[in-house]
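What follows is calculated from the coordinates using simple rules that are stated; it is not laboratory data. This structure is a prediction, so every number in the text was calculated from the model and none was measured. Note: ideal-geometry Cβ built from the backbone for every residue, glycine included; neighbour counts use all protein chains shown.
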């Protein structure tokens with residue numbers, strides 16, 4: 001990605017800013033000069049500093065707005081004066097009912113679109129998920145591959161993407177990004193990476209349920225770079241849908257090997273064993289890798305953080321929390 005333009009005087013609204021990706025995005029926006037408003041639902045999140053020791057909040061560079069994406073009036077007020085909106089808020093993958101995911105990811109997105117239209121927001125970047133593709137393909141999937149999500153979460157993201165497409169059809173500007181598995185420092189959500197690094201922080205034996213699933217992993221700083229490029233690139237056409245991915249498949253077994261290599265950089269005498277997992281020979285294909293060629297061309301972007309380097313930084317951020 002080339003040099004980023006200044007955002008002095010630009011007001012940015014981030015939904016979901018108290019989450020893992022959102023906090024890293026905010027930290028990247030501040031040096032660019034942006035005035036950032038963050039819509040957070042959790043009262044506890046609104047009392048915690050999102051950037052460093054809270055100095056940016058006290059200086060007025062980051063404004064915390066407490067409210068729920070399901071409250072349309074709240075979202076409209078939050079978007080007042082915004083030039084750019086990054087919509088990261090919603091419910092992540094995992095447990096939940098149809099109603100939970102529909103409210104959080106579909107109704108919430110509807111309210112964000114309504115707010116952007118009402119406040120004439122210039123640019124909206126919607127963060128969807130590679131989960132919309134489903135799993136099973138043995139090749140890297142590009143954006144022309146039809147969505148085939150099988151989970152409730154994926155279905156809610158597919159519906160939200162359709163709403164964004166309808167919003168663009170009315171003549172407004174928005175793009176959709178589909179990130180693959182994002183990992184990096186300070187990630188506390190329950191993922192295969194955090195599970196693996198948590199075990200490495202507590203024991204010398206790794207035990208995971210399945211080592212055969214293949215995914216692609218993108219470092220959080222690379223993902224943030226893609227978000228910024230999507231919002232700031234002047235020649236990016238509205239309505240684009242772009243994968244944000246490493247483009248390289250990595251099995252859980254390979255991920256384990258990379259994590260052990262990362263830990264040994266700082267603990268060279270460490271000896272880690274992996275407990276054999278009895279996996280059926282006829283286990284169904286569990287593969288999801290996304291092609292990133294379109295994002296490379298459209299955004300002048302490419303992931304540059306090596307997996308081992310990224311895992312080393314992620315592990316270092318967790319020391320003292322195990």
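If each residue's Cβ is checked for other Cβ atoms within 10 Å, how do 290, 116 rank with the fewest at the top?
116, 290
Normalised by the residues of the chain, what does the relative contact order come to in percent, with Cα pairs under 8 Å and at least six apart?
18
Springs between alpha-carbon pairs under 10 angstrom, Gaussian network model over the chain: which of 185, 31, 303 fluctuates most?
31
Which one of 218, 175, 74 has the biggest mean-square fluctuation once the chain is modelled by GNM with Cα springs under 10 Å?
Between 218, 175, 74, it is 74 that shows the largest mean-square fluctuation.
Do me a favour and compute the ellipsoid semi-axes for segment 205-322 from its Cα gyration tensor, root of five times each eigenvalue, largest one first, whole Å.
Result for segment 205-322: semi-axes of 32, 20, 10 Å.
Round to the nearest 10 and give me the degree value, 0 to 90, for the angle of helix 20-29's Cα axis relative to the longest principal axis of the chain.
So the helix axis and the longest Cα principal axis differ by about 60 degrees.
With a 10 Å Cβ neighbour count serving as the proxy for reagent exposure, in which order, fewest first, do 7, 25, 208 appear?
Ascending number of Cβ neighbours within 10 Å: 208, 7, 25.
Using all C-alpha to C-alpha distances in the chain, build P(r) with 10 Å bins and read off the rounded percent in each one.
Result, from short to long distances: 6, 26, 35, 24, 8, 1, 0 percent.
Could you tell me which of rounded, prolate or oblate describes segment 80-161, using a ≥ b ≥ c as the square roots of the eigenvalues of the alpha-carbon gyration tensor, with rounded for a/c under 1.5 and, failing that, prolate when a/b is larger than b/c and oblate otherwise?
oblate
Return the calculated 222 nm mean residue ellipticity for the chain, to the nearest 500 deg cm²/dmol, obtained by summing -39500 (n - 2.57) across DSSP H runs with n ≥ 4 and dividing by the residue count.
Value at 222 nm, helices only: -10500 deg cm²/dmol.
Order these by the 10 Å Cβ neighbour count, fewest first: 86, 126.
126, 86
Please determine, in degrees from 0 to 90 and to the nearest 10, the orientation of helix 108-118 with respect to the longest principal axis defined by the Cα atoms of the chain, where the helix direction is its Cα long axis.
On a 0 to 90 degree scale, this one is about 30.
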